[in-house]
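Engineer: Attaching a single structure in structure tokens format; questions to follow.
The values are calculated or read from the model by the stated rules, or taken from the named source; none is laboratory data. These figures come from a predicted structure and were not determined experimentally. No Cβ is skipped: glycine too gets one built from the backbone with ideal geometry, and neighbour counts run over all protein chains shown. To get the accessible areas, we keep the full protein, side chains included, count just its heavy atoms, and leave off ligands, DNA and RNA. Shrake-Rupley method; radii C 1.70, N 1.55, O 1.52, S 1.80 Å.
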Amino acid sequence: MIKIYHNPRCQKSREGLHILEQSGKEFEVIKYLEDVPSKEELRKVLDCLGITPEMLVRKNEAIWKENYRGKLLSQEEILDAMILHPKLIERPIVVNGGKAVIGRPPKLVENIL
């Protein structure tokens, strides 16, 4: 089942969702700000993306700048920060099987279908 980690307030995330809707394929919407992924789920997403936790962080968010920027953090601490502040998670993320993409730009979502 295709999954999209979605923030309805984000234009790019809405565009990614629209691409999925237009594909005609079944998918699950995970509103990750409300249904915060577990650390294990985030690890699986990172594995599918082939990136490190730091690469999934929205570094321009005030939360990151005020609390984490410039600090030497372990991967576990970065995962903890994303769970505590899910707004830090880049979006949208679309997972299909063992592969995933960050939909920035949203057109990248087409590559996972």
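Engineer: Would you point out the residue of the stretch 18-33, among those that are over 23 Å from residue 83 (Cβ atoms) and open to solvent by less than 60 Å² (accessible area, probe 1.4 Å), that is farthest from the chain's Cα centre (by Cα)? Write out each step before concluding.
Structural biologist: First pass over the stretch 18-33, keeping only residues over 23 Å from residue 83 (Cβ atoms): 18-27.
Subset that is open to solvent by less than 60 Å² (accessible area, probe 1.4 Å): 19-20, 23, 27.
On the way: 19: 16, 20: 15, 23: 20, 27: 15 Å.
Looking at the filtered set, the residue picked out is 23.
Engineer: How many of the residues in the stretch 91-112 are assigned to a loop (DSSP other than H, G, I, E, B) and surrounded by fewer than 21 Cβ atoms within 10 Å (Cβ to Cβ)? Quick ask: steps written out before the conclusion?
Structural biologist: Looking only at the stretch 91-112, we keep the residues that are assigned to a loop (DSSP other than H, G, I, E, B), and these are 91-92, 97-98, 103-105.
Remaining after also requiring surrounded by fewer than 21 Cβ atoms within 10 Å (Cβ to Cβ): 97-98, 104-105.
Of the residues in the stretch 91-112, 4 are assigned to a loop (DSSP other than H, G, I, E, B) and surrounded by fewer than 21 Cβ atoms within 10 Å (Cβ to Cβ).
Engineer: Out of all the residues in the stretch 38-50, is one or more in contact (Cβ under 8 Å) with a residue 12 or more places away in the chain, in a loop (DSSP other than H, G, I, E, B) and surrounded by 16 or more Cβ atoms within 10 Å (Cβ to Cβ)?
Structural biologist: No; the residues of the stretch 38-50 include none that is in contact (Cβ under 8 Å) with a residue 12 or more places away in the chain, in a loop (DSSP other than H, G, I, E, B) and surrounded by 16 or more Cβ atoms within 10 Å (Cβ to Cβ).
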